[in-house]
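Below: one structure, written as structure tokens.
The values are calculated or read from the model by the stated rules, or taken from the named source; none is laboratory data. From a predicted model like this one, the values you see are computed outputs, not experimental measurements. Glycine gets a Cβ as well: all are built from the backbone with ideal geometry, and neighbour counts include every protein chain shown.
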Amino acid sequence: MMGATMDDKALAMQACPVPTALPFRCVLKPHRSLSKRGFMIFMGVICGLSFIAGIVFLALGAWPVMGFFGLDVALVYLAFKLNYRAARAVEMIEVTRDELIVTRISANGRQRAETRLSPTWARLEATEAPDGSVGLALASHGRRVPIARDIGSDQRRAFAVALSAALRLVREPEWPR
């Protein structure tokens, strides 16, 4: 979450609050710390610097270099646009008393995959790498489904707490409340 403020981190981690009742629904979206306004400012600075450097090389007689500066700007723009497009992908997790459903929707809006598990038997597995990053997966009856891959480790930890609470609610007997 480079460039994000503490408020942004807190907001992202509160996106899936710890449930007190079922159904539990959570939509996980990749975080992008650079806003559209920030992107426009960044591209303006890149364009300005490339233009100034291109003029300097043009004045020195190396006019072909100016085209390469334009190519650099175009490639940076393309890379950011592809990154923002990839950020439109979402993962939806839903827990009811009867089903645990993991739905992945690609950046172009098409459903890529849907996995249905029994929430009674599903187990949340969390693995922590030496670098501190956390990986999450749902395991049930020999199947292992990685989840929350597109969000940061802090958000994965917060999501793991919320999903674990939802799975505990499934396993609790239904007492009148």
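Here is a yes/no grid of residues against (1) closer than 12 Å to LEU167 by Cα; (2) hydroxyl-bearing (Ser, Thr, Tyr):
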{"site": "ARG85", "(1), (2)": "no, no"}
{"site": "ARG104", "(1), (2)": "no, no"}
{"site": "THR120", "(1), (2)": "yes, yes"}
{"site": "LEU124", "(1), (2)": "yes, no"}
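Against the numbered list (1) without any contact (Cβ under 8 Å) to a residue 60 or more places away in the chain; (2) out of contact with any strand residue (DSSP E or B) (no Cβ under 8 Å at 6 or more places or on another chain); (3) assigned by TED's automatic domain parsing to the domain that holds PRO19; (4) within 30 Å of MET43 (Cβ to Cβ), ILE105 comes up short only at (2). For region 113-135, the criterion of a residue being aromatic (Phe, Trp, Tyr), modelled with pLDDT of 90 or more and either in contact with a helix residue (DSSP H, G or I) (Cβ under 6 Å, 6 or more places away or on another chain) or not assigned by TED's automatic domain parsing to the domain that holds ARG156 (or both) is satisfied by no position. The sole residue among VAL56, VAL45, VAL18, VAL27 that is exposed (fewer than 15 other Cβ atoms within 10 Å of the Cβ), among the hydrophobic types (A, V, I, L, M, F, W, C) and in a loop (DSSP other than H, G, I, E, B) is VAL18.
The single residue among GLU91, GLU125 that is within 21 Å of VAL18 (Cβ to Cβ), outside any helix (DSSP H, G or I) and in contact (Cβ under 8 Å) with a residue 24 or more places away in the chain turns out to be GLU91. Applying the selection to region 66-90, what residues are of a type in the set (A, V, I, L, M) and loosely packed, with under 15 Cβ neighbours inside 10 Å? Scanning region 66-90 gives LEU71, ALA74, LEU75, LEU78, ALA79, LEU82, ALA86, ALA87.
Across region 117-138, the number of residues qualifying as surrounded by 11 or more Cβ atoms within 10 Å (Cβ to Cβ) and more than 11 Å from LEU100 (Cβ to Cβ) comes to 8.
Has region 27-45 got at least one residue that is of a type in the set (Val, Ile, Thr), at pLDDT below 90, assigned by TED's automatic domain parsing to the domain that holds LEU138 and on the phi < 0 side of the Ramachandran plot?
Narrowing region 27-45 to residues of a type in the set (Val, Ile, Thr): 27, 41, 45.
Keeping just the survivors that are at pLDDT below 90 gives none.
No.
Which one of these is outside any loop (DSSP other than H, G, I, E, B), assigned by TED's automatic domain parsing to the domain that holds LEU49 and closer than 22 Å to LYS29 by Cβ: PHE68, PHE80?
Details: PHE68 fails: closer than 22 Å to LYS29 by Cβ.
From the options PHE68, PHE80, the qualifying one is PHE80.
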